[in-house]
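For reference, the structure is listed below as structure tokens.
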């Protein structure tokens, strides 16, 4: 994962929205690239190794998939075969967009590692799969760790695994694991707590509607933002309805980039485009009335008016009590040459 110094790394989370169709996957990668994503992310698993056949569906899955389809059957229909990974990875290389995937077990992680994948991403649900994290830590590669549903103690335990393997090339993603999640549950301020507690870069995995939370996360220091992506919210599958279309994703990317530009840096300076306004709209010292040579200037002889191209109010103490060396017309700008 290559992050530009001042830019957030934006991931298009294709996940399982390819529905097992390699052509659809390629269309989504191309659309993600055109929308401005830095990377696309898939999920690598087999139903057999991920779920037992008795696993129930969660609420949002019941709403977005057939009631006759079991959790196991749903997962099985969303698999991307190992063979299909290879052309997908090459397609990403050809488009110059990074391929990232979430392995759901050690065997899947080994496959991705051997396939040359540069960056891993772990699912929030797998914060407790310590065997998976142990393997990923030993690869020495960057790992993006989602923290949805996790307690601080669970995050501590995972961080310790990476620390023990001398691989702290990790990023913690704040996440709320619901699709979509409510704004009142987002609790984005946790990002600052995670950054302080672990002294690690942080990011945000966004499952909310719209792009406002993702933009807010930039202000809180997000270095990575992940957002689910689809070509059509009406496609079959559990995650499409809570995903962004290409148009929405492009709007998200543009909002993030404008926010980054707007934030600038912590140095307070007069901006170039302010210079004319500074000179015109600020006030300078003027004489209130006609005065004559030898007059000792008093405060009542002075006022402040636009433009601001003359002496500022800070000169008043040094002018009071000075004698004029020439006659002064009313409403004249004050100059230092007017005084002895």
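The values are calculated or read from the model by the stated rules, or taken from the named source; none is laboratory data. In this text, all values refer to a predicted model and were calculated from it rather than measured experimentally. Here Cβ is always computed from backbone atoms with ideal geometry, including for glycine, and neighbour counts include all displayed protein chains.
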Of (1) over 19 Å from residue 100 (Cα atoms); (2) within 20 Å of the chain's Cα centre (by Cα), residue 173 satisfies all except one. Which?
-> (1)
Restricting attention to the range 97-109, report how many residues are touching a strand residue (DSSP E or B) at 6+ places or on another chain (Cβ under 8 Å) and closer than 24 Å to residue 154 by Cβ.
-> 7
Which residues, counting only those in the range 27-46, are farther than 18 Å from residue 119 by Cβ and in a strand (DSSP E or B)?
-> none
Looking only at the range 322-340, which residues are assigned to a helix (DSSP H, G or I) and either touching a residue at least 60 places away in the same chain (Cβ under 8 Å) or within 14 Å of residue 293 (Cβ to Cβ) (or both)?
-> 337, 338
Taking the range 146-170 and keeping only residues that are surrounded by fewer than 17 Cβ atoms within 10 Å (Cβ to Cβ), outside any helix (DSSP H, G or I) and in contact with a helix residue (DSSP H, G or I) (Cβ under 7 Å, 6 or more places away or on another chain), one is left with 149, 165, 168
In this structure, is residue 49 touching a residue at least 40 places away in the same chain (Cβ under 8 Å), farther than 20 Å from residue 234 by Cβ and either exposed (fewer than 13 other Cβ atoms within 10 Å of the Cβ) or not assigned by TED's automatic domain parsing to the domain that holds residue 123 (or both)?
-> yes
Kindly indicate whether residue 65 is surrounded by 13 or more Cβ atoms within 10 Å (Cβ to Cβ) and over 26 Å from the mean Cα position of the chain (by Cα).
-> yes
Which of (1) crowded, with 17+ Cβ neighbours inside 10 Å; (2) within 14 Å of the chain's Cα centre (by Cα); (3) not in a helix (DSSP H, G or I) does residue 210 not meet, given it meets every other one?
-> (1)
Number of the condition not met by residue 289 [criteria: (1) over 57 Å from the mean Cα position of the chain (by Cα); (2) part of a strand (DSSP E or B)] = (2)
If you check residue 131 against the conditions, is it modelled with pLDDT of 95 or more, loosely packed, with under 14 Cβ neighbours inside 10 Å and within 30 Å of residue 191 (Cα to Cα)?
-> yes
Those residues of the range 232-270 which are surrounded by 18 or more Cβ atoms within 10 Å (Cβ to Cβ) and part of a loop (DSSP other than H, G, I, E, B) amount to 237, 238, 239, 243
Candidate set: the range 1-22, residues that are farther than 20 Å from residue 76 by Cβ and at pLDDT 95 or above; chosen: the one surrounded by the most Cβ atoms within 10 Å (Cβ to Cβ) = 12
Within the group 246, 201, which residue is over 14 Å from residue 15 (Cβ atoms), assigned by TED's automatic domain parsing to the domain that holds residue 22, in contact with a helix residue (DSSP H, G or I) (Cβ under 7 Å, 6 or more places away or on another chain) and at pLDDT 95 or above?
-> 246
Breaking point among (1) in contact with a strand residue (DSSP E or B) (Cβ under 7 Å, 6 or more places away or on another chain); (2) at pLDDT 95 or above, for residue 26 = (1)
